[in-house]
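**Q** Quick one: the structure is below, questions incoming.
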Amino acid sequence: MKIAMIGQKGIPVTQGGGVEKHVQELALRLANTHEILVYTRPAYTAKTLAHYHNVRLISLPTINTKHFDAITHTFISIIHATLKAKVDVVHIHSVGPALLAWLPRILHPKTRVVVTFHSMDRQHQKWGWLARVMLHLGEYMAMKFAHEVITVSKALQSYTYESYRKITTYIPNGISETTHQPAKLITSQFGLHPEQYILSVSRLVRHKGIHHLINAYEQLSTDKKLVIVGGSAHTDNYVKELRVLAKQNYNIIFTGNQMGAILEELFSNAYLYVLPSESEGLSLALLEAAAYGKAVLAADIPANEDILKYCGVSFKNANIADLKQQLTYLLANPNKVKQLGAQAQQHVLENYHWKDIVAQTNIIYRKVYQTIKQPALELFQPTGLKPGVSIQKTVS
């Protein structure tokens, strides 16, 4: 099959972005059995880069602004994928780009459309009311026009059923085995030593709750540093706010975006990983921290439930006092932290391994591909539940 990945900024991953990491890991593995095209944006991936390992990269222009970047690039990419590349499957990532889930079905009715619902983007505080309306509409378009919808958490699967009466397939984000890396680069560049810092990795956008973490940390009595990895996502004012909030505390370290060896060292040597986000689909950084054998402390939002109930500690969402209390407990109990870390590593490797994610995604592709030779589906046919069909489809 020829499959187009559309909606992401691009690969190889150069900064943050759970969607970009997801697409990269998925595309590289799927390319062993399919022809994979990943559409990239010039501001993220070099125009001259035509291949990344065995994945074909196609750079197309876009309007590089906060509100128009994703949708204009998606529009142009779908036209190219359906009319020029003539792909069998258009796989759209995220609900913003899914606003155009109907377009491939008009341009080339035999093209099959798969959408991955990564998170409820309209809940993200960086968006104004109009953008939130469009993102909500994107959810509807995904449910209405995609031949199959993938949700990355059971919470999202339940949401799509309750809100749209839509059967979706639960296939989570994935991880692979990790290798512990000794602290070298992080010591020379940031003065960090093993087990002497608390780590959080995310884009610096308000719904990620980094301000809650800084506020809670400022109230602690600890020698361990707080390391915040990530950068702005059209949110420069919020980044400035965080730095003011840190009050020039030299124990709070902003590393900016990090990838590769430095990020591996940061995960490997952290004492504890904290995810204070108020809204998630399923955090790849959370899974990665667990894969490195780190105890995880995260907000008690539905998307985190499947991790925390087995091998983590939760705090009340957006509650600084409770976050401080849980941090205090974990800092005072290193043996508990090590125990939770070992449990976390075992749990994610058994339940979120990329080999399983790829296998389940292949099932979806085969399912939609088998319908190509059948009579075309009516574009506006209802997509509700069928009698007797269960909504639970999980990774085996």
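Read the figures in this text as sums done on the coordinates, not as results from a lab. Model, not experiment: these values are computed from the prediction. Here the Cβ positions follow ideal geometry from the backbone for every residue, glycine too, while neighbour counts run over all protein chains shown.
**Q** Average projected area of the Cα convex hull of region 185-351, in nm²?
**A** Mean projected area of the Cα convex hull: 8.7 nm².
**Q** On to the next question. Rounded to the nearest Å, what's the spacing between the alpha carbon centres of region 164-194 and region 1-24? Just the number, please.
**A** What the calculation gives is 16 Å, centre to centre.
**Q** Another one. Against the longest alpha carbon principal axis of the chain, how many degrees, from 0 to 90 and to the nearest 10, is the axis of helix 260-269 turned?
**A** Relative to the chain, helix 260-269 is tipped by roughly 50 degrees.
**Q** Report, in degrees rounded to the nearest 10, the 0 to 90 angle that the Cα long axis of helix 69-79 makes with the longest principal axis of the chain.
**A** 30
**Q** To the nearest µm²/s, what D does Stokes-Einstein give for the chain at 37 °C and 0.692 mPa s, using the Kirkwood radius over alpha carbon pairs as Rh?
**A** 152
**Q** Suppose the chain between Lys336 and Tyr250 were pulled fully straight at 0.36 nm per residue; how much longer would it get relative to their current alpha carbon spacing?
**A** In short, 28.2 nm is gained.
**Q** Given the Cα-Cα distance of Asp306 and Glu195 and 0.36 nm per residue of separation, how much length would full extension add, in nm?
**A** 37.4 nm
**Q** Roughly what would the spin-label model give for Ala261 and His67, points 7 Å off Cα along C-beta, in nm?
**A** Going by the 7 Å Cα→Cβ label model, 4.4 nm.
**Q** Taking 0.36 nm per residue of separation and subtracting the Cα-Cα distance, what length does fully extending Asp356 through Thr48 add?
**A** That pair, Asp356 and Thr48, stretches by 107.6 nm at full extension.
**Q** State to the nearest 20 debye the size of the charge dipole of region 185-351 about its Cα centre, where the only charges are +1 on K and R beta carbons and -1 on D and E beta carbons.
**A** The dipole of region 185-351 has a size of about 380 debye.
**Q** If you line up the Cα atoms of region 85-158 on their principal axes, what length do they span on each, largest first, in Å?
**A** Between the extreme Cα coordinates on each principal axis of region 85-158 lie 37, 27, 19 Å.
**Q** Hey, which aspartates and glutamates would be in cross-link range of Lys166, C-alpha to C-alpha under 13 Å, not counting anything within fewer than 8 residues on its own chain?
**A** List returned: Glu139, Glu148.
**Q** Here is a follow-up. Output wanted: per-residue J couplings in Hz (rounded whole) for region 331-343, from phi through Karplus 6.51 cos²θ - 1.76 cosθ + 1.60, θ = phi - 60°, x for Gly and Pro.
**A** 5, 8, 10, x, 5, 5, 4, 5, 4, 4, x, 5, 5
**Q** Given H placed on each backbone N at 1.01 Å, which residues far from Ser59 in sequence or on other chains put an amide H within less than 5 Å of it?
**A** Hits under the 5 Å cutoff: Thr40.
**Q** Viscosity 1.002 mPa s, temperature 20 °C: Stokes-Einstein D of region 155-270 from its Kirkwood Cα radius, in µm² per second?
**A** D, rounded to a whole number, is 132 µm²/s.
**Q** List residues of region 49-83, by number, whose backbone nitrogen lies under 17 Å from a label position 7 Å along Cα→C-beta of Asn32.
**A** Within reach of a label on Asn32: 53-56.
**Q** Once amide H atoms are placed 1.01 Å from N in the peptide plane, what residues at a sequence separation of 5 or more from Asn317, or on another chain, have their amide H within under 5 Å of its amide H?
**A** Under 5 Å from the amide H of Asn317 lie the amide H atoms of Asp300, each far enough along the sequence or on another chain.
**Q** Right, next: Where in region 278-320 does the amide nitrogen come within less than 19 Å of the point 7 Å from the Cα of His180, taken along Cα to Cβ?
**A** It comes to 288-296, nothing else.
**Q** Can you list residues whose amide H is under 5 Å from Leu275's amide H, if they're 5+ apart or on another chain and H is modeled 1.01 Å from N?
**A** Placed amide hydrogens put Leu297, Ala298, Ala299 under 5 Å from Leu275.
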